[in-house]
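First up is the structure itself, then whatever we jot down about it.
The values are calculated or read from the model by the stated rules, or taken from the named source; none is laboratory data. What you are looking at is a predicted structure, and each value in this text was computed from that prediction instead of being measured. No Cβ is skipped: glycine too gets one built from the backbone with ideal geometry, and neighbour counts run over all protein chains shown. Just the protein is used for accessible areas: all its heavy atoms, side chains included, with ligands, DNA and RNA removed. Shrake-Rupley method; radii C 1.70, N 1.55, O 1.52, S 1.80 Å.
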Amino acid sequence: MKSRKFIATILLVATISVFSGGCVRKEKPQIKKTTKVELVYYKLFDDEDSIVPLIQQYRSKYPNVNIKYRKFVDPIEYENLILNQLAEGEGPDIFSMPNHWFLRNIKKLSPMPVKIMSPKQFEQTFVDVASNDLLLDDPFDSERKVFGLPLSVDTLALYYNKAFFEDKIPARGRPATTWEVLNDDISKLNKTDNSFERFEVAGIAMGRSDNISRALDMLYTLMLQYKARFYNENVSQATFASQQELSDVGTFSNPASSALRLYTSYALPANKNYSWNAYLASSNSKTKELETFASGKVAMIFGYSYLYEQLKAVLKDLKDKSAKTMDLKNIKISAMPQLKDPSVAKEKRVTYANYYAETVARASKHSAEAWDFLLFLSSKENMKFYNEKTHRPTSRRDMIEDQKKDPIYGVFAEQNGFAESFPIYDAQRYNEIFTKMIDSVLATTPVEAAVKVAEESISAMLPKPGLLPLKTQKKTQQQPAGTGGVKR
């Protein structure tokens, strides 16, 4: 009899623990199927065939929820519309927003109810960069909550023409993994001539701000790799010009200056790794360095996952004009080069993440239903469907291994494990400030002086006493400034 009572007691305790706070996942609230709900969904780039079938599938479960989907194609028009409508308490219930916008606009957003997904569950499901960007302290109660769900995370990678590497560096046949060795590669890949452009073949498109599509993103990548610290603790002042770090050789240096010096070195003729100038691509062209690459006149360029489809379109356009082009099969993609050899370095690799995440407007009258739909969209099964339609790199941890096997897009899935990003206050002004910083160095301004001017300009626009909640400041204070909107 005593043994029976003991077993019953154990079973009772176990049952209580399952339904108490000890459970890993909180019970999801039930969405009412009787109340009619109208949701409006704004999104950039994605065709209806990648989203509407999922909406229809959701409606088969909740027929009372009607979701109107609207696609946009112009990032600037879209972002201006979103900001204006949010400021007026209008606009869509659900929309996509750049990852670096969330902190500045957090008061305009409705966080996901914890019963739908907790911060811990989010961290277990999505890659780290998404947690850093989208798990934020609610300004109304200081609780950490989910403010966005990413259907993908994209990162900057290195595109290269394999034919050049097989010809000039056959022992490896691909780009080096460090900037130091890559610079040696460039000296072998460069093929100079007496033309106005000075190069028959240039090693890499890098160093300028005007005729390179992802110039600022490349600079931000280097700032991240050098560990530039952008803000002070309360994010009321920029600090990247005054930061001093001890190098491996025992000298102190400024990380932001080191990043800027390396970036601009590719556009300064006095350097061994000089390989890019104003004449190799037009700053007024929509394709900029893409056409130079597709024409077989530069060996390496940088871009996100969607660049592959853009290059295919440029190749087709050039062939239609009977112009000389590279072979599509020679377009290969390599992970972002690092300051130290990834195979032996203790530091983790770093590349820059630039993506959109789905969120819900605070003005929405049906925020619970909106978040439930987004959770449905971000399930593993639905994300597989989305990836097949868009080829976007996954944001889910449990999909990375499968996507890494893709011969074209696998690099981007792999890089999501070491991607980093950072909040910014005003995308357009940051772009203007850092573009001016690059240009001034190319016009012979000392690097340290250019960095100091940029720091003062950023500090002048930051709100006082600070932009970020205190808990978030401690997570982001060692990161540099971010880029503008995600361009396509």
From Asp398, Asp372, residue being in contact (Cβ under 8 Å) with a residue 40 or more places away in the chain, under 28 Å from Tyr69 (Cβ atoms) and crowded, with 16+ Cβ neighbours inside 10 Å: Asp372
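Working carefully through the options Thr287, Thr325, find the one that is assigned to a loop (DSSP other than H, G, I, E, B), farther than 24 Å from Met437 by Cα and open to solvent by 10 Å² or more (accessible area, probe 1.4 Å).
Among Thr287, Thr325, only Thr325 is assigned to a loop (DSSP other than H, G, I, E, B), farther than 24 Å from Met437 by Cα and open to solvent by 10 Å² or more (accessible area, probe 1.4 Å).
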When you scan the stretch 93-112, do you find a residue that is within 29 Å of Val350 (Cβ to Cβ), open to solvent by less than 70 Å² (accessible area, probe 1.4 Å), in a loop (DSSP other than H, G, I, E, B) and without any contact (Cβ under 8 Å) to a residue 24 or more places away in the chain, even just one? yes
Confirm whether Ser440 is over 26 Å from the mean Cα position of the chain (by Cα) and open to solvent by less than 40 Å² (accessible area, probe 1.4 Å). yes
For the stretch 56-89, give me each residue that is closer than 20 Å to Ala361 by Cβ, without any contact (Cβ under 8 Å) to a residue 40 or more places away in the chain, part of a helix (DSSP H, G or I) and over 21 Å from the mean Cα position of the chain (by Cα). Leu81, Asn84, Gln85, Ala87
Could you tell me whether the stretch 179-202 includes any residue that is within 30 Å of Thr390 (Cα to Cα), of a type in the set (A, V, I, L, M, F, W, C) and in a helix (DSSP H, G or I)? no
Working only within the stretch 290-307, note down all residues that are assigned to a loop (DSSP other than H, G, I, E, B) and within 21 Å of Leu219 (Cα to Cα). Ala299, Tyr304, Ser305, Tyr306
Qualifying residues in the stretch 325-338 (those that are under 20 Å from the mean Cα position of the chain (by Cα) and not hydroxyl-bearing (Ser, Thr, Tyr)) - the one farthest from Leu224 (Cα to Cα): Ile333
Unique residue being of a type outside the set (Phe, Trp, Tyr), within 22 Å of the chain's Cα centre (by Cα) and under 30 Å from Leu189 (Cα atoms) when the list is Asp167, Asp154, Asp128: Asp154
Every residue from the stretch 138-156 that is assigned to a strand (DSSP E or B) and farther than 16 Å from Tyr409 by Cβ: Arg144, Lys145, Val146, Leu149
Of the listed residues (Thr192, Thr239, Thr177), the one being within 23 Å of Glu456 (Cβ to Cβ), in contact with a strand residue (DSSP E or B) (Cβ under 7 Å, 6 or more places away or on another chain) and open to solvent by 10 Å² or more (accessible area, probe 1.4 Å) is Thr239
Given the options Ser305, Ser282, Ser253, name the one that is in contact (Cβ under 8 Å) with a residue 24 or more places away in the chain and either in contact with a His (Cβ under 6 Å, 6 or more places away or on another chain) or open to solvent by 10 Å² or more (accessible area, probe 1.4 Å) (or both). Ser282
Number of positions in the stretch 63-78 that are in contact with a helix residue (DSSP H, G or I) (Cβ under 8 Å, 6 or more places away or on another chain) and open to solvent by less than 60 Å² (accessible area, probe 1.4 Å): 5
Return yes when Glu347 is open to solvent by 40 Å² or more (accessible area, probe 1.4 Å) and either within 21 Å of the chain's Cα centre (by Cα) or of a type in the set (Val, Ile, Thr) (or both) and no when it is not. yes
Qualifying position, being surrounded by fewer than 21 Cβ atoms within 10 Å (Cβ to Cβ) and among the aliphatic types (A, V, I, L, M), among Ile169, Ile186: Ile169
Select from the stretch 113-137 the residues that are of a type in the set (A, V, I, L, M, F, W, C), assigned to a strand (DSSP E or B) and either open to solvent by 10 Å² or more (accessible area, probe 1.4 Å) or under 23 Å from Pro463 (Cα atoms) (or both) and list them in ascending order. Leu135, Leu136
Hey, can you tell me all the residues within the stretch 328-349 that are part of a loop (DSSP other than H, G, I, E, B) and touching a Phe, Trp or Tyr at 6+ places or on another chain (Cβ under 7 Å)? Pro337, Leu339, Lys348, Arg349
Given the conditions (1) part of a helix (DSSP H, G or I); (2) under 29 Å from Arg392 (Cβ atoms); (3) open to solvent by less than 10 Å² (accessible area, probe 1.4 Å), and given that Gln310 satisfies all but one, which numbered condition is not satisfied? (3)
Only one of (1) touching a Ser or Thr at 6+ places or on another chain (Cβ under 6 Å); (2) part of a strand (DSSP E or B); (3) under 30 Å from Lys297 (Cα atoms) is not met by Tyr159, so which one is it? (1)
Exactly one of (1) open to solvent by 10 Å² or more (accessible area, probe 1.4 Å); (2) outside any loop (DSSP other than H, G, I, E, B); (3) within 25 Å of Val298 (Cβ to Cβ) is unmet by Tyr352. Its number? (1)
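Which residue, of Lys324, Lys329, is over 23 Å from Lys108 (Cα atoms), in contact with a Ser or Thr (Cβ under 9 Å, 6 or more places away or on another chain) and basic (Lys, Arg)?
Result: Lys324 is the single residue among Lys324, Lys329 that is over 23 Å from Lys108 (Cα atoms), in contact with a Ser or Thr (Cβ under 9 Å, 6 or more places away or on another chain) and basic (Lys, Arg).
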